[in-house]
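These notes are about the structure you will find just below.
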Number of protein chains: 2
Amino acid sequence: MHERKDPYPSRTSGKAQTIPRQDQVVYSRWSAGAPLSEDETRAFDRDGFILLRDLFDAGEIEALCRDAKRMLTASNGTLDPDTVIAEPDSGAVRSVFKVHEQSAVFARLAADARLAGVARFLLNDDVYIHQSRMNYKPGFQGREFYWHSDFETWHVEDGMPRMRALSMTVLLTANTPYNGPLMLMPGSHKSYIVCVGETPDDHYKMSLKKQEYGVPDDELLTQLAEDGGIAAPIGPAGTVIAFDCNTMHGSASNITPFPRSNAFIVYNALSNRLEAPFGPARPRPEFIAARTSVRPVVPVSGPLIQSAA
Amino acid sequence: MHERKDPYPSRTSGKAQTIPRQDQVVYSRWSAGAPLSEDETRAFDRDGFILLRDLFDAGEIEALCRDAKRMLTASNGTLDPDTVIAEPDSGAVRSVFKVHEQSAVFARLAADARLAGVARFLLNDDVYIHQSRMNYKPGFQGREFYWHSDFETWHVEDGMPRMRALSMTVLLTANTPYNGPLMLMPGSHKSYIVCVGETPDDHYKMSLKKQEYGVPDDELLTQLAEDGGIAAPIGPAGTVIAFDCNTMHGSASNITPFPRSNAFIVYNALSNRLEAPFGPARPRPEFIAARTSVRPVVPVSGPLIQSAA
């Protein structure tokens with residue numbers, strides 16, 4: 001068998017360590033025609049994320065929230081049951097995957113120029129949807145998402161070769177300091193944390209509920225947090241957080257009465273399509289990591305929804 | 001048997017409901033000689049808590065932190081083992097009770113005029129230590145404390161007759177928006193939430209790890225949070241939060257690398273000493289709820305520690 005060289009080995013040894021990022025963060029050169037300002041572009045490169053406010057109008061946000069709620073409360077048979085993930089304790093819906101194929105308005109959102117255009121600019125390539133999901137984090141009992149680099153998982157478990165992907169998070173309830181907002185470690189995307197342990201087959205079924213492999217080492221996490229601090233951008237529904245695939249992020253539990261529901265659309269560069277996983281032999285299923293349904297997104301301008309008028 | 005009239009029944013029926021507070025919040029009339037400003041006094045009355053900054057100097061804070069750490073890492077036999085409570089999952093130390101009897105510096109803290117003097121003023125009575133503890137909430141895996149009114153538990157399980165007690169929380173690490181700071185619902189102290197369910201005997205052993213009885217109803221919690229919002233006062237080590245015994249409070253999990261350690265000293269009015277519990281027959285042990293070791297605190301002025309000079 002041909003042995004691939006792995007630029008980002010992880011879960012292959014007992015030693016946790018940091019290796020420097022070997023890929024660009026912003027792949028385009030900024031110019032006046034870019035869909036981000038020069039400051040925003042620089043901030044994304046430096047911090048590994050940016051906050052984008054007021055991209056959507058009230059009607060668009062309402063349509064997204066309505067459809068997020070429809071999927072949350074969908075009766076059996078409406079959604080692909082594999083794509084619905086429950087909280088480990090309460091059984092409440094934690095995530096629904098593949099929302100861009102199970103909802104017309106989320107399909108339209110994923111193609112929207114305000115998101116896909118920015119992704120194409122930052123990655124300087126055609127992009128496709130690697131993954132999409134709603135994370136609901138219900139009130140009272142919403143469980144935390146522990147710190148992780150998405151890329152570490154996508155590389156090891158899905159075979160994403162390089163760091164040339166990003167997530168767009170669209171807040172669909174207010175994210176406040178209190179209801180378990182997304183936390184990110186600024187600058188962490190410049191380091192790759194090699195995790196210890198191997199990955200059992202079919203690990204993903206558990207890991208979507210509670211991560212046990214690909215968990216970064218305490219000491220290295222502390223170093224990242226001491227170097228760059230912790231940020232928790234907040235805002236009303238409709239706010240967007242764009243973050244690099246290797247930015248360390250997580251979120252605390254939500255005991256407030258107010259759910260924290262965020263949509264995630266993950267764009268990968270077409271040139272960065274999945275190969276065989278670098279870890280386990282069997283790749284994760286298509287609804288978590290698009291392998292065959294790879295279609296370049298053609299950005300669509302204009303409002304998300306037809307005006308009712 | 002003589003039937004006591006219970007002004008604050010809870011856990012006696014299947015119906016969650018709210019009954020209005022039947023006690024004062026601030027028992028003294030403010031005057032120029034008071035240990036709080038008029039604004040602070042009014043805020044405590046209105047919100048059920050106040051933040052007190054810069055009460056202690058750097059040397060005092062360091063002495064408290066050092067002794068908090070000593071108790072956290074104390075070898076077997078140094079502390080009363082009953083007073084040390086572990087996290088349900090990780091086994092890490094979650095709380096140490098009766099710190100004012102297991103540490104000279106915490107004994108001195110509990111008697112300090114800056115805390116005890118304020119408690120005496122707000123409660124307009126001699127005060128004694130009903131309970132004291134360190135809550136450590138370690139980094140990475142610190143578990144949440146779910147919403148509760150202290151008074152509901154102290155009344156039902158310990159037999160505290162009326163709302164005439166308060167907690168002083170002394171932050172002993174920085175409390176940030178990220179590491180699971182104390183959250184309070186402003187104004188919630190004016191309503192008493194009647195909880196459903198009965199209380200099993202020896203419930204306290206579990207409840208110190210994870211509350212299952214005396215849990216307020218979702219709908220009533222939502223109402224309180226919508227009425228008054230949620231506040232999470234933050235600050236560096238040494239900051240003090242004083243809050244009424246019936247203020248609804250809790251805190252989220254802590255996945256950051258930075259522990260969130262807070263000391264709690266609970267002062268009860270001498271006239272409000274414990275009676276027989278209103279719920280279970282057997283009262284909780286002395287280290288959680290002082291019943292026999294009731295000594296009025298004589299406030300001590302001056303620095304917490306002797307200067308090293």
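Which residue pairs have Cβ atoms under 7 Å apart, sit 6 or more places apart or on different chains, and have a first residue in region A:130-150 that is acidic (D, E) and a second that is surrounded by 23 or more Cβ atoms within 10 Å (Cβ to Cβ) and in a loop (DSSP other than H, G, I, E, B)?
So the pair list comes out as A:E144/A:G180; A:E144/A:A252; A:E144/A:S253; A:E144/B:S253; A:E144/B:I255; A:D150/A:C245.
Can you tell me which residues in region B:130-160 are more than 11 Å from the chain's Cα centre (by Cα) and open to solvent by 20 Å² or more (accessible area, probe 1.4 Å)?
B:P138, B:F140, B:Q141, B:R143, B:E144, B:F145, B:Y146
Going by what's in this entry, would B:T292 be described as away from chain A (no Cβ under 14 Å), in a loop (DSSP other than H, G, I, E, B) and closer than 20 Å to B:K98 by Cα? Break it down stepwise before answering.
Details: away from chain A (no Cβ under 14 Å): yes; in a loop (DSSP other than H, G, I, E, B): yes; closer than 20 Å to B:K98 by Cα: yes.
Here the answer is yes, as B:T292 does meet what is asked.
Could you figure out which of (1) out of contact with any strand residue (DSSP E or B) (no Cβ under 8 Å at 6 or more places or on another chain); (2) open to solvent by 20 Å² or more (accessible area, probe 1.4 Å); (3) within 23 Å of A:V84 (Cα to Cα) isn't true of A:G279?
Going through the list (1) out of contact with any strand residue (DSSP E or B) (no Cβ under 8 Å at 6 or more places or on another chain); (2) open to solvent by 20 Å² or more (accessible area, probe 1.4 Å); (3) within 23 Å of A:V84 (Cα to Cα), A:G279 breaks only (3).
Name every residue in region B:293-309 that is at pLDDT below 95 and either of a type in the set (S, T, N, Q) or in contact with a Cys (Cβ under 9 Å, 6 or more places away or on another chain) (or both), in order of residue number.
Scanning region B:293-309 gives B:S293, B:Q306, B:S307.
Test A:L79 against the stated conditions and say whether it is at pLDDT below 95, in contact with a strand residue (DSSP E or B) (Cβ under 7 Å, 6 or more places away or on another chain) and not β-branched (V, I, T). Give the derivation first.
Working: at pLDDT below 95: yes; in contact with a strand residue (DSSP E or B) (Cβ under 7 Å, 6 or more places away or on another chain): yes; not β-branched (V, I, T): yes.
Taking the combined requirement at face value, the residue satisfies it.
Restricting attention to region B:1-55, which residues are modelled with pLDDT of 95 or more and basic (K, R)?
B:R21, B:R29, B:R42, B:R46, B:R53
Looking at region A:39-113, what strands (runs of 3 or more DSSP E) fall wholly within it and have at least 3 residues that are crowded, with 20+ Cβ neighbours inside 10 Å and within 19 Å of the chain's Cα centre (by Cα)?
Fully inside region A:39-113 and qualifying: A:49-52, A:93-97.
Among the aromatic types (F, W, Y), assigned to a loop (DSSP other than H, G, I, E, B) and over 26 Å from B:Y146 (Cβ atoms): is that true of A:F278 in this structure?
Details: among the aromatic types (F, W, Y): yes; assigned to a loop (DSSP other than H, G, I, E, B): yes; over 26 Å from B:Y146 (Cβ atoms): yes.
Here the answer is yes, as A:F278 does meet what is asked.
The rows are residues; the columns are (1) closer than 16 Å to B:A263 by Cα; (2) more than 14 Å from chain A (Cβ to nearest Cβ).
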{"position": "B:F106", "(1), (2)": "yes, yes"}
{"position": "B:R143", "(1), (2)": "no, no"}
{"position": "B:S149", "(1), (2)": "no, yes"}
{"position": "B:M160", "(1), (2)": "no, yes"}
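So that you can scan it fast, the table gives a plain yes or no per residue for (1) under 26 Å from A:P177 (Cα atoms); (2) polar (S, T, N, Q):
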{"residue": "B:K137", "(1), (2)": "yes, no"}
{"residue": "B:Y146", "(1), (2)": "yes, no"}
{"residue": "B:F151", "(1), (2)": "no, no"}
{"residue": "B:A165", "(1), (2)": "no, no"}
{"residue": "B:V170", "(1), (2)": "yes, no"}
{"residue": "B:T173", "(1), (2)": "yes, yes"}
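Can you pull out every residue in region B:129-188 that is out of contact with any helix residue (DSSP H, G or I) (no Cβ under 9 Å at 6 or more places or on another chain), aliphatic (A, V, I, L, M) and part of a loop (DSSP other than H, G, I, E, B)?
B:A174, B:L182
Run B:F121 past the list (1) open to solvent by 50 Å² or more (accessible area, probe 1.4 Å); (2) part of a helix (DSSP H, G or I) and report the number of the one that doesn't hold.
(1)
Inspect all residues belonging to region B:212-219 and state whether any of them is away from chain A (no Cβ under 14 Å) and of a type outside the set (S, T, Y).
Checking region B:212-219: at least one residue is away from chain A (no Cβ under 14 Å) and of a type outside the set (S, T, Y).
The values are calculated or read from the model by the stated rules, or taken from the named source; none is laboratory data. Everything quoted here is computed from the prediction, not taken from an experiment. Cβ: placed from backbone, ideal geometry, glycine included. Neighbour counts: every protein chain shown. Areas reflect the complete protein model, heavy atoms only, side chains present, ligands, DNA and RNA absent. Shrake-Rupley method; radii C 1.70, N 1.55, O 1.52, S 1.80 Å.
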